[in-house]
Amino acid sequence: MTIKPDETIAVGETTVTREELAGALDAATNNHKDETIFIRGDKTLSYGGLIGVMNTLRDAGYLKLALVGLEEPAAKP
């Protein structure tokens, strides 16, 4: 899943509201709450925005969360 700078959330390519997030993940994981959810967040995302989404995931029963960093292109010499 991806959290965009404006705090919109995408599960795969589908944008969902925070209220729809649990249902979208249930569908994506076939209701396997023990699957690891990989979270990709824009570097401009606020800490509070990230924690808010992570709390929503926890409340939905998804406890295995992993933050994914985006690789920066190598600097040109």
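Couple of notes before you dig in:
- Folded to 0 to 90 degrees: helix 18-28 orientation relative to the chain principal axis, Cα: 80
- Carbon + sulfur, % of accessible area of region 1-75 - ligands and nucleic acids excluded, 1.4 Å: 53
- Calculated accessible area for the chain comes out at 69 Å² per residue, all protein chains present (probe 1.4 Å; ligands, DNA, RNA ignored).
- Assigned charges on the beta-carbon of Lys, Arg, Asp, Glu; the chain dipole about Cα centre (debye): 220
- Label-point separation in nm, Thr29 to Thr15, each point 7 Å along Cα→Cβ: 2.5
- Normalised by residue number, the volume inside the convex hull of the Cα atoms of the chain is 100 Å³ per residue.
- Lysine pair count for the chain [Cα-Cα under 25 Å; pairs on different chains or 8 or more apart]: 6
- Segment Ile51-Leu67, extension gain: residue separation times 0.36 nm, minus the distance between their alpha carbons: 4.6 nm
The values are calculated or read from the model by the stated rules, or taken from the named source; none is laboratory data. Not measured: the values here are computed from a predicted model. When we count neighbours, we look across all protein chains shown, and the Cβ atoms used for this are built from the backbone with ideal geometry, even at glycine. Protein only, heavy atoms only, side chains kept; ligands, DNA and RNA dropped before computing areas. Shrake-Rupley method; radii C 1.70, N 1.55, O 1.52, S 1.80 Å.
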